[in-house]
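All remarks here apply to the structure that follows.
Any read-out appearing in this document is the output of simple, stated calculations on the displayed coordinates, not a laboratory observation. Small disclaimer: the values here were computed from a predicted structure and weren't measured. Cβ atoms come from the backbone with ideal geometry, glycine included; neighbour counts cover every protein chain shown.
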Amino acid sequence: MPRMLIRKNPSDFKTLPLLVEATAEGLSYQSVGMPLNFAQTLSKRRPVSVADTERFTLELANLGVSVRLTLHWQGRDYWVLVRQRRQDRGDVVLKLISGYVPAHEVNLPLHTAVQEVAEECLLETPEGWLSGRFNDIWLPAPYASALHYREALSFRLTPFSGAARPVRCANQPLLERPRAYVHLPTASLQLIYDLRLEVPKEAKSLSLFHVDERLEGDQLVARLNRKRPDLYLMSLTDGQPCAELYTLHKDQLKPASTRGVYLAESFAPQEGWVVSEERIRWKDWLKQQGLSAPDKESRLKRLTGKARQMFRKVVKTG
């Protein structure tokens with residue numbers, strides 16, 4: 001049965017509507033109006049349009065932040081995706097770790113992005129859950145009242161260099177140069193940060209879980225469901241994605257089905273500063289990237305190849 005980790009009052013969360021000005025050289029935003037609670041924000045997330053995708057001025061409902069998280073584990077890199085049932089859009093997608101930026105962090109969305117990693121991506125070992133650091137700053141342990149976090153071992157989160165075109169909050173350039181797009185169907189500005197998560201070598205028998213808050217009645221509730229880890233890994237080769245999805249349980253990669261899978265709009269085509277789609281089919285995204293799904297035999301060979309490597313290590317140390 002899913003385990004409840006925390007419970008919050010959604011009315012405590014406040015965000016701010018934005019005025020966005022986009023040109024071919026860059027994009028800037030600033031808050032306008034009064035802070036809005038969660039319900040008020042959702043009511044403003046209605047479709048908008050622009051005549052020119054490179055140059056426009058637009059008032060938007062909110063600022064959102066996502067993390068394209070690259071997990072480095074056992075010498076390989078993987079993008080981290082999470083499964084989410086989007087109650088406001090009535091669909092289920094695989095998406096980047098993401099969340100709404102609260103009013104007091106609109107000028108520092110990187111802080112929100114880092115916290116979202118701590119809240120949504122949980123790393124478990126037999127000795128307890130891993131806490132993390134962003135560079136030299138400790139991340140919060142959001143579920144410390146319900147879960148045991150290890151004190152002597154932590155993962156490390158570091159930023160990649162970001163997008164070419166600058167994004168500014170008022171006149172202040174944002175740190176780490178996130179990719180930005182205006183999502184027309186929800187009237188929101190979305191920022192995507194590239195971060196890297198390094199798992200310490202001492203972390204053995206690693207399992208990954210996704211925890212997300214859902215509205216239950218008049219409360220936001222975060223639950224851990226071990227039967228549905230809802231966190232997926234997309235393998236990378238030389239930094240480029242492969243057409244494979246896995247879950248990770250006790251150091252074992254298990255292939256995940258991609259049948260009927262949709263990816264969130266951050267994977268859909270971007271034109272200028274604008275994304276117009278709500279989601280994109282996995283198969284369509286593969287075509288867009290010039291990728292083809294591996295057959296079962298090649299995937300099995302790769303997994304059995306890893307098993308042979310592990311067997312050789314056991315023999316050498318035996």
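General observations
- Extreme residue, surrounded by the most Cβ atoms within 10 Å (Cβ to Cβ), among residues of the stretch 251-288 that are of a type in the set (Val, Ile, Thr) and under 18 Å from the mean Cα position of the chain (by Cα): Val275
- Pick from the stretch 1-21, criterion aliphatic (A, V, I, L, M) and not in a strand (DSSP E or B), ranking: farthest from Val65 (Cα to Cα): Met1
- Residue match in the stretch 190-199 (condition: crowded, with 16+ Cβ neighbours inside 10 Å, in a helix (DSSP H, G or I) and touching a residue at least 60 places away in the same chain (Cβ under 8 Å)): no
- All positions within the stretch 216-242 that are among the small types (Gly, Ala, Ser) and either over 18 Å from the mean Cα position of the chain (by Cα) or in a strand (DSSP E or B) (or both): Gly217, Ala222, Ser235
- Residue ranges of strands (runs of 3 or more DSSP E) in the stretch 101-185 with at least 3 members of a type outside the set (Gly, Ala, Ser) and more than 24 Å from Val199 (Cβ to Cβ): 167-169, 179-183
- Checking each residue in the stretch 132-182 for being polar (S, T, N, Q) and touching a strand residue (DSSP E or B) at 6+ places or on another chain (Cβ under 8 Å) picks out Asn135, Ser145, Ser154, Thr158, Ser161, Asn171.
- Subset of the stretch 29-57 (residues that are under 23 Å from the mean Cα position of the chain (by Cα) and either closer than 18 Å to Arg179 by Cβ or of a type in the set (A, V, I, L, M, F, W, C) (or both)): Tyr29, Phe38, Ala39, Leu42
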